[in-house]
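Right, one structure below, let's go through it.
The values are calculated or read from the model by the stated rules, or taken from the named source; none is laboratory data. What you see is a predicted model, and the numbers here were worked out from it, not measured in a lab. For neighbour counting, all protein chains shown are included, and Cβ atoms are generated from backbone atoms with ideal geometry for every residue, glycine included. Only protein heavy atoms, including side chains, enter the accessible area calculation; ligands, DNA and RNA are left aside. Shrake-Rupley method; radii C 1.70, N 1.55, O 1.52, S 1.80 Å.
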Amino acid sequence: MLPADLHEKAKNFLDEQNYAAYTPGDHEMWGMLFKKQMEILKTRACQEYLDGLEALNLNEERIPDYEEINAILAEKTGWEVVVVRGFISPDLFFEFLANKKFPATAWIRKPEEMEYLEEPDIFHDVFGHVPLLSNPIFADYMEAFGKGGMKAVKLNALDQIQRLYWFTVEFGLINTPNGIKIYGAGILSSSGESIYSVDSAIPHRLSLDLERVMRTTYRIDEFQKTYFVIDSFEQLFDMTKPDFTPLYKKVAPLSTVHW
Ligand code: PHE
Ligand code: FE
């Protein structure tokens, strides 16, 4: 349940899952995507993510039911998935996160959209994002992100905070004793990029550097030229804890790196 004031502000974007309306073809699409990704991700995704998939009982049999997911998330971290129609405005999006609500779509792509989507669907939102919301440290990061995002909007630093979201939550990589692994949802839900981001010699893989991230523009229609790598979710959380106000002031007049 959203707090009443947030519900009021968001009501034009809210939707319901309507689970019974999914067709056998929809469930099959989910199953195909799930199987293909699991094959790729079992050696490439970080362990925290794989643990989350298991904790949430996500499987190839059928599209997940948000009621079941929410019952598990409530117990693990207090997060809740809230169904929305599509993109919501950035300030509303951050306010959702600050309240431990993850806005997610309920529709699933058609066969001709297997590889690339203009807008997120349930495979991106649930398979990509939701598993890590069952991890306490990552869940705290997302909540802090929501609060920080609301603050960034007020400070006119929307570009900077969106770049941080992009290069961590969507396209982040993490160093482990078994090599570099994926934690970003944009990668996890893309078969091409989940192989490319870990295996290819082409992209840069740099240690996460907040100033550099905030100065780096991104493309939404091709694989990333640069990935930023964290050492642990604790490190990510600690690094982003300080007040960003001075950092926003510092980077605002500096040039951006265009990729
Ligand atoms: N520490 C940030 C600030 O003061 C907030 C934030 C935390 C932003 C975590 C992103 C992620 O603005
Ligand atoms: Fe996403």
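Of all DSSP bridge pairs formed entirely within region 160-259, close to 35 percent run antiparallel. Residue separation times 0.36 nm, minus the C-alpha to C-alpha distance between residue 59 and residue 180: what's the value? So the chain would gain 41.1 nm between residue 59 and residue 180.
Rounded if a/c is under 1.5, else prolate if a/b beats b/c, else oblate: with a ≥ b ≥ c from the C-alpha gyration tensor eigenvalues square-rooted, which is region 70-222? Verdict is rounded for region 70-222. Normalised by the number of residues in region 1-137, the mean separation of alpha-carbon contacts (under 8 Å, six or more apart) gives a relative contact order of 32 percent. Under 5 Å from the amide H of residue 109 lie the amide H atoms of 122, 123, each residue being 5 or more positions distant or on a separate chain, with H modelled from the backbone and absent for Pro and chain starts.
Rank-order 64-72, 29-37 by packing density, defined as the average count of other C-beta atoms within 10 Å over each peptide's residues, highest first.
Answer by packing, highest mean first, reads 29-37, 64-72.
Peptides 95-106, 138-149 ranked from most to least packed give 95-106, 138-149, packing being the mean of other C-beta atoms within 10 angstrom over each peptide's residues. Would you please give the FRET efficiency between residue 38 and residue 254, computed as 1/(1 + (r/R0)^6) with r the Cβ-Cβ distance and R0 = 41 Å, to the nearest 0.05? Calculated value: 0.50. Overall, the accessible surface of region 139-259 at a probe of 1.4 angstrom is composed of carbon and sulfur to the extent of 55 percent.
By its C-alpha gyration tensor, with a ≥ b ≥ c as the square roots of the eigenvalues, how is the chain shaped: rounded for a/c under 1.5, else prolate for a/b larger than b/c, else oblate? The shape class here is oblate. Within the straight-line cut-off of under 29 Å between alpha carbons, the lysines reachable from residue 154 are 9, 11, 100, 101, 241, 249, 250, sequence neighbours fewer than 8 places apart in one chain being disregarded.
Solvent exposure of the chain, expressed per residue, is 48 Å² of accessible area, with all protein chains present and a 1.4 angstrom probe.
Peptides 244-253, 121-130 ranked from most to least packed, by the mean per-residue count of other Cβ atoms within 10 Å: 121-130, 244-253.
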